[in-house]
1. Can you give the log10 of the normalised intensity I(q)/I(0) at q = 0.12, 0.13, 0.17 Å⁻¹, computed with Debye over equal Cα scatterers of the range 130-275?
2. How much space per residue, in cubic angstrom, does the convex hull of the C-alpha atoms of the chain take up?
3. Using only DSSP helix segments of four residues or longer, with each worth -39500 (n - 2.57), what per-residue ellipticity at 222 nm results for the chain after dividing by its residue count and rounding to 500?
4. Where nothing but the Cβ of Lys and Arg (+1) and of Asp and Glu (-1) is charged, how large is the charge dipole of the chain around its Cα centre, in debye to the nearest 20?
5. Could you tell me which helices of the chain pass both thresholds, a Cα extent of 30 Å or more along their own axis and a mean Kyte-Doolittle hydropathy of at least 0.0, with helices taken as whole DSSP H runs?
6. How high is the relative contact order of the range 124-275, in percent, with contacts defined as C-alpha pairs under 8 Å that are six or more residues apart?
7. For Cα pairs less than 8 Å apart in space and 6+ apart in sequence, what is the mean separation divided by the residue count of the range 1-147, i.e. the relative contact order in percent?
8. Quick one: which residues, 5 or more positions from Tyr112 or on another chain, have an amide H under 5 Å from its amide H? H modelled 1.01 Å from N in the peptide plane, none for Pro or chain starts.
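The values are calculated or read from the model by the stated rules, or taken from the named source; none is laboratory data. These numbers were taken from a predicted model, which means no experiment stands behind them. Reconstructed Cβ throughout: ideal geometry from the backbone, glycine too, with neighbour counts over all protein chains shown. The area values use the complete protein model at the heavy-atom level, side chains included, leaving out ligands, DNA and RNA. Shrake-Rupley method; radii C 1.70, N 1.55, O 1.52, S 1.80 Å.
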Amino acid sequence: IAFGFLANYRLQLGMLHDEVGKKEDVNMKSVTQFTLLDRYGMMGEYLKLELKLRMRNKQVRTQFFVGLGLIVFFSLMSYFTEAYDAGFMKSFVCLYNYMVLGMMTLTTIMCYEGNYFDGLMSRRDSIYDLLRAKFYFNSMLLIFPFVFLMPLMFIGKISVWMNLGYMLFTIGVLYPCMFQLAVYNKNTLPLNVKLANSNSGTMMQSIISIVALFLPVAIERLSVLLLGPVWGYIPLIMLGLIGLATHRVWLRNIYHRLMLRRYENMEGFRASRNS
């Protein structure tokens, strides 16, 4: 009887302590450290953050797999059917494959970081390092569409110049355009909700998305018409290389403009986070 009383007393005391302290049992899982990125200092830490953002958070993870699924779908449709063999549709599908992963996250750039934006502001140049990490990470993700489009090059449905031109144009021109939204986005997006419950986006996000989808195709079609099927992609390649070579300049410009609006953005992040 005494032993049962003591065991019951300790059990109820522990449960009461956990309830008052709002303690929850959490099953610990192995944590991936990505120690390979430690050599890059703060840049490596923000690259880790980008990786973990897609691995741990439901909404961002879902966006990534949906984008990857669309790349595979359009690549297979182009390979096995003639649905996208027309000039405009071929260019549009090639561009869309390169754009879809970046468009899903970069049009809402800094919105997910709105959940901890105040912490980012506590260190000098942390936002600039974060922007650089986002640019490098999203540029490296383009290896997926490049690999999936390679079979189309082998069978002659798209040229090497088209594939290379759209990849570089996406990195050097379209990504800088979408990164401009980092200055103006100030609505916090939750990390672990379904896509159906996410915000619909702003007018500026919609305009930049539409321009990013159709302007490159218009430039490519006009260049090919004037310069031919090989030289017509040189403007896309050159513009992309210029944007890539000057990425530190335009990223620093975005950072300075963001700093000028930091208090307005912080207020917006806080208000939308608590709503």
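1. Results for the range 130-275 at q = 0.12, 0.13, 0.17 Å⁻¹ read -0.63, -0.72, -1.07.
2. 194
3. Theoretical 222 nm ellipticity from helices: -22500 deg cm²/dmol.
4. Charge dipole of the chain: 400 debye, to the nearest 20.
5. On the way: long enough: 58-80 (33 Å, 1.07); 203-227 (35 Å, 1.92).
Counting only whole DSSP H runs, the qualifying helices are 58-80, 203-227.
6. The normalised contact order for the range 124-275 reaches 39 percent.
7. Normalised by residue count, the contact order of the range 1-147 is 27 percent.
8. Sorted by chain and number, the residues that satisfy this are Leu189.
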